[in-house]
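K.L.:
Attaching a single structure in structure tokens format; questions to follow.
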Amino acid sequence: IDSANAPIFGVDTQGRVNVWNQCARKLVGYSTAEVMGYSLVKEFITKDYQASVQAVLDKALDGVETANFEFPLITKAGARIEVLLNATTRRNEHDKVIGVVGIGQDITARLAQEREYSKLIDNANAPIFGVDTQGRVNVWNQCAMKLVGYSLDEVMGKNLVQEFITNEYKDAVST
């Protein structure tokens, strides 16, 4: 666990840190000694996420694992980083719940890149739209709004062909 290339932490049934691997130390900047025994939620989670992170830990303590939970952590230097977490129940050799193990991934850069792509698409000087596998609109940039006259709220989630393509072109667009 200590040398894994993903941040791994553990908390006991009271939510106190009892596992803190090398990757967690590098990512957040706190040494093992600085976190051991402290409440993960109260000391290291932003106030706006404390309740939801506590709920994930509580579920894991009840045997319900959580996958792909996103939340921010504050580093020792005061920077906010975004983490994708999988929380798993930790049991002893007698199958008694003794805490939670969390395996994380720093997704800060990925989220920043996604925001940058969204800005580029939204501000492009050409109409850009996208649809999901069901044909529902999931991308609609400002140029598309100006050209067609429908706002983002008016088109998002609606079926592009059924709602916005004239009858004479529906078959051609659908294929």
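K.L.:
Between Asn159 and Leu84, what FRET efficiency follows from the Cβ-Cβ distance if R0 is 30 Å, with the result rounded to 0.05? Intermediate values should be presented prior to the final figure.
P.N.:
Values: r = 31 Å, r/R0 = 1.04.
Between Asn159 and Leu84 the formula returns 0.45.
K.L.:
Tell me the Rg and the Dmax, in Å, that the Cα atoms of the chain produce.
P.N.:
Just the Cα atoms of the chain yield Rg and Dmax of 22.5, 70 Å.
K.L.:
Ok, one more. Rounded to the nearest 0.05, what FRET efficiency is calculated for Gln22 and Gln113 with R0 set to 30 Å and r the Cβ-Cβ distance? If you can, show how the numbers build up before the last one.
P.N.:
Numbers: r = 26 Å, r/R0 = 0.86.
Approximately 0.70, to the nearest 0.05.
K.L.:
Let me ask you something else. Would you grab the residues whose amide H sits under 5 Å from the one on Gly10? Only those 5+ places off in sequence or on another chain, please, with H modelled 1.01 Å from N.
P.N.:
Asn18, Val19, Trp20, Gly102
K.L.:
So, one more: Given Lys59/Lys158; Lys26/Lys96; Lys59/Lys119; Lys47/Lys158; Lys119/Lys158, which pairs have Cα atoms separated by over 25 Å?
P.N.:
Over 25 Å apart, Cα to Cα: Lys59/Lys158; Lys26/Lys96; Lys59/Lys119; Lys47/Lys158.
K.L.:
Hey, what did the chain get for relative contact order, percent, Cα under 8 Å, at least 6 apart? Please list the in-between numbers first.
P.N.:
Values: 302 pairs, mean separation 25.6, N = 175.
This gives 15 percent for the chain.
K.L.:
Find the percent of Cα-Cα distances in the range 88-175 that exceed 15 Å, and round it to a whole number.
P.N.:
Working: 2718 of 3828 pairs.
The answer is 71 percent, as a whole percent.
K.L.:
Additional query: Where the Cα atoms of the range 49-119 are projected onto their three principal axes, how long is each span, largest first, in whole Å?
P.N.:
Principal-axis extents of the Cα atoms in the range 49-119, largest first: 51, 26, 21 Å.
K.L.:
Roughly how many debye, to the nearest 20, is the charge dipole of the range 78-175 about its Cα centre, given +1 on each Lys and Arg Cβ, -1 on each Asp and Glu Cβ, and no other charges? Provide the component values of the computation, followed by the final result.
P.N.:
On the way: 11 positive and 13 negative charges, 65 e Å.
Once rounded to the nearest 20, the dipole reads 320 debye.
K.L.:
How far, in nm, would the chain grow between Arg136 and Ser3 when pulled straight, counting 0.36 nm per residue and subtracting the alpha carbon separation?
P.N.:
Working: separation 133, 0.36 × 133 = 47.88 nm, distance 4.45 nm.
Going from the current span to full extension adds 43.4 nm.
K.L.:
Taking the Cα centre of the range 3-77 as the origin and placing charges on Cβ (Lys, Arg +1; Asp, Glu -1), which of Tyr30, Val17, Pro72 is farthest toward the positive end of the dipole?
P.N.:
In the range 3-77, that residue is Tyr30.
Every read-out reported here was derived from the displayed coordinates using simple, explicitly stated rules and does not represent laboratory data. Remember, predicted model here, so these are calculated numbers, not experimental data. Every residue, glycine among them, receives a Cβ derived from its backbone with ideal geometry; neighbour counts consider all protein chains shown.
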